[in-house]
Amino acid sequence: MDRISGKPSRRSTYLDRAKETIARGHAFFPETVFKDIVVAALALLVMIALATFLGAPLEPEANPAGSSKPPRPEWYFLFLFEVLKYLPGELEWIGAVLVPTIALIALFLLPLYDRGSWRHPLNRPLATGLAVVVLAGIAGLTYAAATAPAPPAVGAPGPTTQLTPLELQGKNVYASHSCPVCHQINGVGGNIGPDLSTVGRRLTASWLVAHLQTPSEIAPGTRMPQITLTNDELMALTAYLLSLTQPETRTPAQLGAEIFSVYCNSCHPGGKAGVGPSLVGVSPEAVTQAVREGRAGMPAFGPTVISDEQLAQVQAYLHTVR
């Protein structure tokens, strides 16, 4: 008997009821069809309510040349995404592969090893308690991942203390349009396009404006894609580029901070845990191995992307992070 209702709750009871229903007859129409319509209507109403009151978030216009958007799963996988933050890089496979695989296998084999005759949840304290703990853990991890502060935006190399407001705005435009992927400033950035460290001494404002608007017309054969800029963004970016007249003299740690902001900050904000694990206290050897060989969810960066000198500067910067 059910401990709560006092009614039979064994498996045999449900089987007997099913046999009685089959013998008595249960028409597909209208009984089953009506139930299907009710459930479908409720699901549709929920979707309409969500679309009306919450809506879909509008993201920035797609940028094929961009590479600054960190990978982030949909909400139903956020709990697993959050778990990976608490595992060191070499153990991420446990949370990403091993635990989900064991859980799926256990769920698939559930009918084979769960032979208990009781069906009411309150008559199955172990199974019910385990389910509550798992669901509460998933809910808590999902909430933690959803409310975690976003990593700071990847910054562009170069000074900030002596820039005018317009030049500072242009520096942000430079970073947000992934210009550091192809161009270097003071040794930081890619080498696909020309070095921009002294571009302000070599080019005029009118040439820069025309080139940013239609690069293929101003420099035929260029590999630079055409980027979409508002007039304000165009003027700000031009002002920032004109401010780049000579390289700075900075310490290795300061140079390493700039390199870190371009390649690493989106996953390890400020060297702390974010999408990737915290790098505080990690040995230089471990950093070198991770950068050169890569890790789960992290690409390898060869010497053509981050030179040995730049890697040493990154290590000098990480040594200052506490």
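For the reader, a short list of remarks on this structure follows.
- Leading residue by the ranking (surrounded by the most Cβ atoms within 10 Å (Cβ to Cβ)) among those in region 265-314 that are hydroxyl-bearing (Ser, Thr, Tyr) and within 19 Å of the chain's Cα centre (by Cα): 266
- Scan of region 291-318 for residues that are of a type outside the set (S, T, N, Q) and either assigned to a loop (DSSP other than H, G, I, E, B) or in contact with a strand residue (DSSP E or B) (Cβ under 7 Å, 6 or more places away or on another chain) (or both), ordered by number: 294, 296, 297, 299, 300, 301, 302, 303, 305, 306
- Number of residues in region 95-129 that are surrounded by 13 or more Cβ atoms within 10 Å (Cβ to Cβ) and without any contact (Cβ under 8 Å) to a residue 40 or more places away in the chain: the value is 7.
- Boolean, residue 221 is out of contact with any Cys (no Cβ under 9 Å at 6 or more places or on another chain), surrounded by fewer than 18 Cβ atoms within 10 Å (Cβ to Cβ), part of a loop (DSSP other than H, G, I, E, B) and at positive phi: yes
- Inside region 170-190, residues that are assigned to a loop (DSSP other than H, G, I, E, B) and out of contact with any strand residue (DSSP E or B) (no Cβ under 6 Å at 6 or more places or on another chain) make up a count of 6.
- Considering the conditions (1) touching a residue at least 24 places away in the same chain (Cβ under 8 Å); (2) at negative phi; (3) assigned to a helix (DSSP H, G or I), residue 275 is excluded by exactly one of them, (3).
- Failed criterion for residue 182 (all others in (1) crowded, with 17+ Cβ neighbours inside 10 Å; (2) in contact with a helix residue (DSSP H, G or I) (Cβ under 9 Å, 6 or more places away or on another chain); (3) in contact (Cβ under 8 Å) with a residue 24 or more places away in the chain hold): (2)
- Test for residue 87: is it within 22 Å of residue 264 (Cα to Cα), of a type outside the set (D, E, K, R) and either at pLDDT 75 or above or loosely packed, with under 12 Cβ neighbours inside 10 Å (or both): yes
- Residues of region 83-100 that are over 18 Å from residue 140 (Cα atoms) and not in a helix (DSSP H, G or I): 88 alone.
- Residue, nearest to residue 209 (Cα to Cα), within region 152-170, restricted to residues that are modelled with pLDDT under 50 and in contact with a Ser or Thr (Cβ under 6 Å, 6 or more places away or on another chain): 155
- Verdict on residue 81 being farther than 30 Å from residue 288 by Cβ and either in contact with a Cys (Cβ under 8 Å, 6 or more places away or on another chain) or among the aromatic types (Phe, Trp, Tyr) (or both): no
- Yes/no for residue 258 being closer than 17 Å to residue 174 by Cα, of a type outside the set (Phe, Trp, Tyr), at pLDDT below 85 and not in a loop (DSSP other than H, G, I, E, B): yes
- Looking only at region 244-264, and only at residues there that are surrounded by 19 or more Cβ atoms within 10 Å (Cβ to Cβ) and over 30 Å from residue 86 (Cβ atoms), the one that is nearest to the chain's Cα centre (by Cα): 255
The values are calculated or read from the model by the stated rules, or taken from the named source; none is laboratory data. What you see is a predicted model; the values in this text were computed from it and never measured. Here Cβ is always computed from backbone atoms with ideal geometry, including for glycine, and neighbour counts include all displayed protein chains.
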